[in-house]
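Let me begin by presenting the structure, written as structure tokens, before commenting on it.
Every read-out reported here was derived from the displayed coordinates using simple, explicitly stated rules and does not represent laboratory data. All of these numbers come straight from a predicted model, not from anything done at the bench. Note: ideal-geometry Cβ built from the backbone for every residue, glycine included; neighbour counts use all protein chains shown.
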Ligand code: PMP
Ligand code: GLN
């Protein structure tokens, strides 16, 4: 009999090469990087803290005794701040009482939404490559995971054939925009087609927009702003990426009251509630002036360009991302055809860690992406330059 954890692990490609239980590829690469003293461009976390004024608010909240359970759906001030943020940037007006809950990172919101709304007999459609948590949670829910390919160089879905991925059983389509691991940012015409098909097949839309503020010269369009989308869309975001506090694990989920209530029902038995002093601090962060958000994206764009140049100089083909923390690079011009094996050797070979893109795929997609590596550029410029120099020596190891 297949145990639930095995479905979870298989969904997230967690089974190691010998069929044993592995840790996530992110942790595996972070551990390998530490072991070899390598520059960690694998797991996506910044190497600099978010705004000092915001961490001071968290420290003050702890000192002031803000240390017991927050309400299960999150403190009211943060739910209000999420609503204000959505109105300021997107013109959306969710009700903080019934249409927003705070979660323990986006990860918990993903789990709660999938587990509460899908199950055996349902199909859940994601684009592929897909962020590992979707596959894990679809596996745990017992639903069937179907995929629609995103192809290099721009990693956009083929709108001419996207409908082939939908069926009468499609219960939910998961959008991740800006997209991890490819860095693609879906324009409104892509989102419009997703909404049209979700409506035609009466599927819910779960949209993970944790990189909403990290786009480079293109606008982020929330799915919930598309005509006809709001009534069937749950939107997830998180403070981790926007404010460089990935360790605080404060996320949120918003959408129609009945869908949010369903997710909340499951969420309260996952973690019940999330770090009280961090919620207080993130309420302030969400109210920072517009310049904070545009400056963060501009800084990251410069880092993207430095790493992209370095990867090109190292002989790889680079797919320049329009958003996120991540660049995909093809190692086949260097003669590599197995990025999983390469990623496991890279820290030792050249002192850099990266993530192999096939781990974000089922078998067919893994074949398509077998020479791709994902590099994180949310790191100090000096480190990115050093990593690029070290990667340039990869040719010598062929
Ligand atoms: N969704 C995507 C697309 C992500 O890249 C990440 C993490 N980087 C998450 C969700 C998880 O976010 P959190 O750390 O807030 O749980
Ligand atoms: N989201 C981060 C990434 O894509 C990793 C988070 C995790 O380790 N689960 O790198």
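Modelling each spin label as a point 7 Å along the Cα-to-Cβ direction, I'd like the residue 393/residue 168 distance in nm, to one decimal.
Spacing of the two 7 Å Cα→Cβ label points: 6.2 nm.
At 4 °C and 1.567 mPa s, what whole-number value in µm²/s does Stokes-Einstein give for the translational diffusion of the range 277-398, with Rh from the Kirkwood sum over Cα pairs?
Rounded, D is 83 µm²/s.
I want to verify a result. In a Gaussian network model of the chain, Cα cutoff 10 Å, which of these has the top mean-square fluctuation: 131, 319, 90?
90
Which residue, 382, 348, 97, tops the fluctuation ranking in a GNM of the chain built on C-alpha contacts under 10 Å?
382
By average Cβ neighbour count within 10 Å, what is the ranking of 104-112, 80-88 from highest down?
Order by mean packing, descending: 104-112, 80-88.
Running a GNM on the chain with Cα contacts under 10 Å, which residue among 53, 113, 308 ends up with the highest mean-square fluctuation?
53
For the range 1-85, just say rounded, prolate or oblate: build the C-alpha gyration tensor, square-root its eigenvalues into a ≥ b ≥ c, call rounded for a/c under 1.5, and beyond that prolate if a/b exceeds b/c, oblate if not.
Here the range 1-85 falls in the oblate category.
Compute the Rg/Rh shape ratio of the range 274-342: radius of gyration over Kirkwood radius, all on alpha-carbon atoms.
In the range 274-342, Rg relative to Rh is 1.20.
What order do you get for 160-167, 263-270 when each peptide is scored by the mean count of other beta carbon atoms within 10 Å, highest first?
Per-residue mean Cβ counts within 10 Å order the peptides as 263-270, 160-167.
If the viscosity is 1.567 mPa s and the temperature 4 °C, what translational diffusion coefficient in µm²/s does Stokes-Einstein give for the range 239-296 when Rh comes from Kirkwood over Cα pairs?
99
Over the Cα atoms of the range 38-140, Rg to Rh with Kirkwood Rh, two decimal places?
Rg/Rh for the range 38-140 comes to 1.03.
7 Å from Cα along Cα→Cβ at both residue 161 and residue 21: what's the point-to-point distance in nm?
Going from the residue 161 label point to the residue 21 one covers 3.8 nm.
Just subtract the alpha-carbon distance of residue 349 and residue 289 from 0.36 nm times their residue separation and send over the number in nm, one decimal.
Working it through step by step, the gained length comes to 17.2 nm.
What is the percent of Cα-Cα separations in the range 219-361 that go past 25 Å?
Across the range 219-361, Cα pairs with separations above 25 Å total 51 percent.
Within the P(r) computed for the chain, what percentage of the Cα pairs occupies the region above 42 Å?
Percentage above 42 Å: 8.
Can you figure out the FRET efficiency of residue 258 with residue 363, using R₀ = 56 Å and their beta-carbon distance, to the nearest 0.05?
0.95
Once every DSSP H run of n ≥ 4 in the chain is given -39500 (n - 2.57) and the sum is divided by its residues, what mean residue ellipticity at 222 nm do you get, rounded to the nearest 500 deg cm²/dmol?
Calculated mean residue ellipticity at 222 nm is -12500 deg cm²/dmol.
Would you mind classifying the range 221-271 by shape? Square roots of the alpha carbon gyration tensor eigenvalues, ordered a ≥ b ≥ c; an a/c under 1.5 is rounded, otherwise it is prolate if a/b is larger than b/c and oblate if not.
Oblate is the answer for the range 221-271, as a/c is 1.5 or above yet b/c matches or exceeds a/b.
Using the Kirkwood formula on the Cα atoms of the range 165-269, what hydrodynamic radius do you get, in angstrom to one decimal?
14.5
Let me make sure I get this right: for the range 90-186, a, b and c are the square roots of the gyration tensor eigenvalues over alpha carbons, sorted descending. Under 1.5 in a/c it's rounded, otherwise prolate if a/b > b/c, else oblate. Which is it?
In terms of gyration-tensor shape, oblate.
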